[in-house]
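Contents: one structure, followed by commentary.
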Amino acid sequence: MSTQTVVVDGLALAQKLRKEMGDEIEKLTANGERSPCLCVVRVGDDPASASYIKGKRRAAKRIGMESIEHHLPEETTEEALLGLLADLNADDAVDGILVQLPVPAHMHANRIAEAIDPAKDVDGVGTINAGRLMMGEDGLFSCTPLGILEILDHHGIEIEGAHAVVIGRSMIVGKPISLLLQRRNATVTMCHSRTRDLAKVCRSADILIAATGRPRMVQPDWIRPGAAVIDVGVSDVDGVLVGDVDFEGVQGIAALVTPHRRGVGPMTITMLLHNTLRAYRARTGS
Ligand code: NDP
């Protein structure tokens with residue numbers, strides 16, 4: 001029997017949440033408070049990074065959030081970048097700091113993540129926030145996983161007791177979403193490139209999250225009928241962006257699927273704004 005697959009409109013959900021945050025910020029500024037401020041740091045001239053930052057700053061502006069960009073040349077030393085981060089940590093007017101990845105090869109991404117004040121680490125990249133996630137404490141967590149939870153909740157997907165299979169174990173997607181789902185009492189299986197018989201593991205998933213960057217790797221016969229399928233992956237194949245999931249193929253099998261455009265992406269940006277607003281409220285007590 002064929003299922004009617006719900007195609008998630010991540011942009012519509014993102015716009016709804018951004019409108020709510022915009023209303024909150026409007027109230028704050030009407031009361032004489034300053035706007036929350038997100039600071040984005042870019043090192044070098046990676047074109048994809050420039051475009052991601054443009055999207056983030058535009059989204060911030062639309063909800064009345066301040067955004068600052070520091071664009072440093074490729075040859076900037078790590079010491080100079082760490083110096084800038086120390087200044088931003090000390091700047092009371094800055095609530096959130098994000099260093100856009102990738103950084104140039106001569107820099108250490110982990111050392112840079114550690115240099116961001118955990119109270120301003122709105123991308124959840126430092127060990128303090130990662131540790132808080134692990135310990136089941138409150139903190140600022142990675143934006144894509146937070147966006148995935150919003151999507152699942154918005155569509156009434158039951159997480160408690162579900163078997164969630166996560167393909168990918170990165171620090172920004174696979175690991176944090178696995179921990180967040182486990183916190184919500186899902187039974188989580190985390191898969192990676194060495195997992196044996198991945199298709200069989202996926203077939204047992206009530207919730208399947210694909211975050212590998214391997215184009216259309218997840219095939220229709222990997223999907224348990226009625227499963228919720230979240231496609232995080234984005235790959236450029238001959239100039240065309242494709243996801244990790246065979247989107248057309250899973251129609252009629254999955255209960256829900258995110259498209260690779262207007263799916264998880266807009267929610268990632270939304271949760272960055274959400275984290276910045278949370279950081280602002282925690283720092284200012286407003
Ligand atoms: P990483 O490259 O850091 O991690 C990829 C993970 O996929 C690794 O754990 C790797 O396993 C696993 N993997 C790779 N090939 C296979 C395979 N054949 N079978 C099983 N597992 C495999 O990527 P990210 O987590 O940073 O990103 C994943 C994808 O999500 C990318 O396409 C990225 O562009 C996209 N993305 C999209 C976002 C959005 O907002 N839409 C936000 C963030 C990422 P192993 O550890 O064994 O190497």
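Could you pull out the residue among Ile223, Ile209 that is touching a helix residue (DSSP H, G or I) at 6+ places or on another chain (Cβ under 8 Å) and within 18 Å of Gln4 (Cβ to Cβ)?
Within the list Ile223, Ile209, the selection yields Ile223.
Between a first residue in region 48-62 that is crowded, with 18+ Cβ neighbours inside 10 Å and a second residue that is charged (D, E, K, R), which pairs have beta carbons less than 6 Å apart while being 6 or more apart in sequence or on different chains?
Ser49/Arg42; Ile53/Arg42
May I ask you to verify whether Gly64 is under 20 Å from the mean Cα position of the chain (by Cα) and in the same structural domain as Asn110 (by TED's automatic domain parsing)?
Taking the combined requirement at face value, the residue does not satisfy it.
Any residue in region 172-184 that is in a helix (DSSP H, G or I), within 10 Å of the ligand (Cβ to nearest atom), of a type in the set (S, T, N, Q) and open to solvent by 10 Å² or more (accessible area, probe 1.4 Å)?
Checked region 172-184: no residue is in a helix (DSSP H, G or I), within 10 Å of the ligand (Cβ to nearest atom), of a type in the set (S, T, N, Q) and open to solvent by 10 Å² or more (accessible area, probe 1.4 Å).
Of all residues in region 119-143, which are out of contact with any strand residue (DSSP E or B) (no Cβ under 7 Å at 6 or more places or on another chain) and open to solvent by 20 Å² or more (accessible area, probe 1.4 Å)?
The answer is Ala119, Val125, Thr127, Ile128, Ala130, Gly131, Arg132, Met134, Met135, Gly136, Glu137, Asp138.
Every residue in region 133-169 that is more than 9 Å from the ligand (Cβ to nearest atom), under 15 Å from the mean Cα position of the chain (by Cα) and outside any helix (DSSP H, G or I), please.
Gly139, Leu140, Phe141, Val166
Within region 91-129, work out how many residues are in contact (Cβ under 8 Å) with a residue 60 or more places away in the chain and in contact with an Asp or Glu (Cβ under 7 Å, 6 or more places away or on another chain).
Number satisfying all stated conditions: 4.
Out of the residues in region 185-220 meeting the condition of being away from the ligand (no atom under 16 Å from the Cβ) and within 16 Å of Val250 (Cβ to Cβ), tell me which one is nearest to the chain's Cα centre (by Cα).
The extreme case among them is Ile207.
This table checks each residue for (1) touching a residue at least 40 places away in the same chain (Cβ under 8 Å); (2) touching a strand residue (DSSP E or B) at 6+ places or on another chain (Cβ under 8 Å); (3) over 17 Å from Leu152 (Cα atoms); (4) open to solvent by 20 Å² or more (accessible area, probe 1.4 Å).
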position	(1), (2), (3), (4)
Gly243	no, yes, yes, no
Glu248	no, no, yes, yes
Leu256	yes, yes, no, no
Gly263	yes, yes, no, no
Met271	yes, no, no, no
Asn275	yes, yes, yes, no
Arg278	yes, no, yes, yes
Thr284	yes, no, yes, yes
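The values are calculated or read from the model by the stated rules, or taken from the named source; none is laboratory data. As the structure is a computational prediction, the values presented were derived from the model and not from experiment. Quick reminder, even Gly has a Cβ in these numbers, built from the backbone with ideal geometry, and neighbours come from all protein chains shown. For the accessible areas, the whole protein counts, side chains as well, though only heavy atoms, and no ligand, DNA or RNA atoms are used. Shrake-Rupley method; radii C 1.70, N 1.55, O 1.52, S 1.80 Å.
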